[in-house]
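Chemist: Quick one: the structure is below, questions incoming.
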Amino acid sequence: MSNCPRLVRTNSANLGCVPRPSCPQRSSSFTHLKCRPAPRKDGTEWESLSQELANAFLITARISEAHPAAALLSCRDVESLRRELAPCGRWEEGAYTRVKLVAGNGYDVMLLCWSPGSSSPVHGHSDAATEVKSNCFMLILEGELTETQYAWPGGVGRVLGFTSQRKLVCGTTGYINDSIGVHKVANTSAKRAISLHVYAPGWTAAPTYDEPSVDAAGCLIEDTGWGDF
């Protein structure tokens, strides 16, 4: 029997814990968000969050950093959420994995497990097949991750500029889309890390790029194709 938390019924399609192949994962150009804690519904922290997210995307499909999903993630009891969702995770040495928790109406929720030393490629946030731009809201549930961000190159063969690098500790929330830039996320620590991602809309693959030198003022990058992460 699965140890995954029971999901409440919503107007979206809850898939439970569905293992996904190991693949590069994605994270955001992270901004701390604040809100008033929402009243706790009956049930678990995850049941409450999954229902509230379904309601938020029914209320508005206009996605931005100000979407209610951002505030919902920033108000969580992170330790309770980590404890409930950790059994759904899948671990591979030296890699990170993704597990789809919800396939909703206009959004997906993924649980990402980062082993020490794992890293995503430099990537944007678009769908390979449809070219529809996606958005990512993220909450770190355990450990810490390092995000390296680059100015959006504007096309294949353009100069990509290093922008910033920072540690993202447990409890950090954030948001990114292609208008912000491209980035990579890595677990450079000796401990495991777990993050929760809300993609709106959901997508199957995104563009990846050769990693430029981070200590250069600007460097050439080439599109290496599309990757699922």
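The values are calculated or read from the model by the stated rules, or taken from the named source; none is laboratory data. Treat the numbers as computed from the prediction; the structure is a model and nothing was measured. Here the Cβ is made from the backbone with ideal geometry for all residues, glycine too, and neighbour counts use every protein chain on show.
Chemist: Give me the pairs: first residue in the range 171-199 and farther than 21 Å from Gly104 by Cβ and at pLDDT 95 or above, second residue among the basic types (Lys, Arg) and assigned to a loop (DSSP other than H, G, I, E, B), beta-carbon distance under 9 Å, and six or more apart or on different chains, which are they?
Modeler: Here the result reads Gly171/Arg76, each pair linking the range 171-199 to a residue that is among the basic types (Lys, Arg) and assigned to a loop (DSSP other than H, G, I, E, B).
Chemist: Checking Ala86 against (1) out of contact with any helix residue (DSSP H, G or I) (no Cβ under 7 Å at 6 or more places or on another chain); (2) among the hydrophobic types (A, V, I, L, M, F, W, C); (3) part of a helix (DSSP H, G or I); (4) under 22 Å from Trp203 (Cβ atoms), only one condition comes out false. Which one?
Modeler: Here Ala86 meets the rest and fails (4).
Chemist: For residues that are surrounded by fewer than 20 Cβ atoms within 10 Å (Cβ to Cβ) and closer than 22 Å to Ala69 by Cα, scanning just the range 126-135, find the one that is farthest from the chain's Cα centre (by Cα). Don't jump to the end; show me each part of the working.
Modeler: Within the range 126-135, the first condition is being surrounded by fewer than 20 Cβ atoms within 10 Å (Cβ to Cβ), and the residues that meet it are 126-133.
When the remaining residues are screened for being closer than 22 Å to Ala69 by Cα, the result is 126-127, 132-133.
Working: Ser126: 13, Asp127: 15, Val132: 17, Lys133: 15 Å.
Looking at residues that are surrounded by fewer than 20 Cβ atoms within 10 Å (Cβ to Cβ) and closer than 22 Å to Ala69 by Cα, I get Val132.
Chemist: Go through (1) surrounded by fewer than 21 Cβ atoms within 10 Å (Cβ to Cβ); (2) outside any loop (DSSP other than H, G, I, E, B) and name the single condition Ala66 misses.
Modeler: For Ala66, the failing item is (2).
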